[in-house]
């Protein structure tokens, strides 16, 4: 089932989705299943080239809020039955249930791990294990002697975010127009009646803004202020590192937030300093070359070698190739997404995933589809944009 690329936007649509990353793809997929004739408009020359391409590519039920657990459970069900669920076989998400492993080197961290594991079990998250340091090293021999405890869930997994995005779009059978920026909206009073694009006007009464860090800018064109900030993040791609166990889980130093996962014949390494200040939303995010040293140099406080010593050997050898990618998290005050209708009738948002877009948006797209069709009222939507925001429960992992 090929993706339905069109040379120019249609004149009319039941729904226009702005953004061709995983959030826009999930929106289009679930909306199309309700019978809405959907078009995806992407301003860049290709789909899935902004924030989704820089994602870690993992999913987990070991989360910090119960609302998100239910949503990621729906995403996981979709990932593990992807061909059947999407009706296409061209794009394989390469699901690997290798788990998420969170490790700590402090007694304070160990107490916090036991607490969060207990909460997760009360939310129906099965398979959460708390391992003492010796057991953690027996099962994962690459861990440091300094690790005092770990929490682990085998059924959490790794995926290919780009393949998921393309598979959802193919399965949606939505029309897709690339190299076509949205320049504004046709508003009649407080209701949307069309979308202005570089390829002309699309008449529609439903629009979803799902363009990641650029969502706030676009919504402002309709007079809507979204409670979001954008924060730069990095992904270091090391395509060939023989020390990386290919069957290793996503391994997270819970004390620092630095983490890595197997990818290709090496790994992806990621870390976002929680003190990183917000920066203006950008379509081209310039990577900081110093990031590679921050995670690879053993003398760095955020070094991967702190809990996985083989990374020190990689640093000492010094000959491994790496590539650096940068994107932006779209952060909300409570670190949960904005899903639903704005004060402009017919203008919806699906954004603000705060680092959880890959794992959450495939399940959350169903919520938005229910909102679009009236099957879910705002009172039953914990992610509605006009909710009261509580303090965040977590960082940006």
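Just to be sure, is residue 145 at pLDDT 95 or above and crowded, with 21+ Cβ neighbours inside 10 Å? When the stated conditions are applied, residue 145 does not pass them. Of all the listed residues (169, 202, 159), the sole one being buried (at least 22 other Cβ atoms within 10 Å of the Cβ) and within 20 Å of residue 346 (Cβ to Cβ) is 202. If you go through region 350-379 and keep only what is over 17 Å from residue 29 (Cβ atoms) and in contact (Cβ under 8 Å) with a residue 40 or more places away in the chain, you end up with 352, 354, 355, 356.
Can you tell me which of 35, 24 is closer than 16 Å to residue 175 by Cα and either in the same structural domain as residue 249 (by TED's automatic domain parsing) or buried (at least 24 other Cβ atoms within 10 Å of the Cβ) (or both)?
Working: 35 fails: either in the same structural domain as residue 249 (by TED's automatic domain parsing) or buried (at least 24 other Cβ atoms within 10 Å of the Cβ) (or both).
Matching residue, one of 35, 24: 24.
Restricting region 245-255 to residues that are farther than 21 Å from residue 354 by Cα and in contact (Cβ under 8 Å) with a residue 60 or more places away in the chain, the residue that is surrounded by the most Cβ atoms within 10 Å (Cβ to Cβ) is 249. Filtering region 296-347 to residues that are part of a helix (DSSP H, G or I), over 24 Å from residue 55 (Cα atoms) and touching a residue at least 24 places away in the same chain (Cβ under 8 Å) leaves only 313. Screening the candidates 263, 258, 267, 222 for the property of being closer than 24 Å to residue 50 by Cα, over 23 Å from the mean Cα position of the chain (by Cα) and either touching a residue at least 24 places away in the same chain (Cβ under 8 Å) or surrounded by 14 or more Cβ atoms within 10 Å (Cβ to Cβ) (or both) yields one hit, 222. Residues considered: 287, 274. Of these, the only one that is in contact (Cβ under 8 Å) with a residue 12 or more places away in the chain, outside the structural domain of residue 220 (by TED's automatic domain parsing) and more than 18 Å from residue 237 (Cβ to Cβ) is 274.
Could you check how many residues of region 10-41 are in a loop (DSSP other than H, G, I, E, B), out of contact with any strand residue (DSSP E or B) (no Cβ under 7 Å at 6 or more places or on another chain) and under 15 Å from residue 212 (Cβ atoms)? Qualifying residue count, region 10-41: 2. Of all residues in region 123-169, those satisfying the criterion of being under 30 Å from residue 198 (Cβ atoms) and in contact with a helix residue (DSSP H, G or I) (Cβ under 7 Å, 6 or more places away or on another chain) are 161, 162, 164, 165, 167, 168, 169. Checked against (1) touching a strand residue (DSSP E or B) at 6+ places or on another chain (Cβ under 6 Å); (2) assigned to a loop (DSSP other than H, G, I, E, B), residue 386 passes all but a single condition, namely (1). Residue under question is residue 344, and the condition is that it be within 22 Å of residue 191 (Cα to Cα), crowded, with 16+ Cβ neighbours inside 10 Å, over 18 Å from the mean Cα position of the chain (by Cα) and outside the structural domain of residue 236 (by TED's automatic domain parsing); does it hold? Answer is yes for this residue.
Residues are listed down the side, and each one gets a yes or a no for (1) in contact with a helix residue (DSSP H, G or I) (Cβ under 7 Å, 6 or more places away or on another chain); (2) closer than 30 Å to residue 220 by Cβ; (3) in a strand (DSSP E or B):
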site	(1), (2), (3)
234	yes, yes, yes
246	no, no, no
255	yes, no, no
262	no, no, yes
272	no, yes, no
280	no, yes, no
288	no, yes, no
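The values are calculated or read from the model by the stated rules, or taken from the named source; none is laboratory data. Every value quoted in this text rests on a predicted model; they were computed, and no experiment measured them. Please note: Cβ atoms are built from the backbone with ideal geometry, for glycine as well, and neighbour counts cover all protein chains shown.
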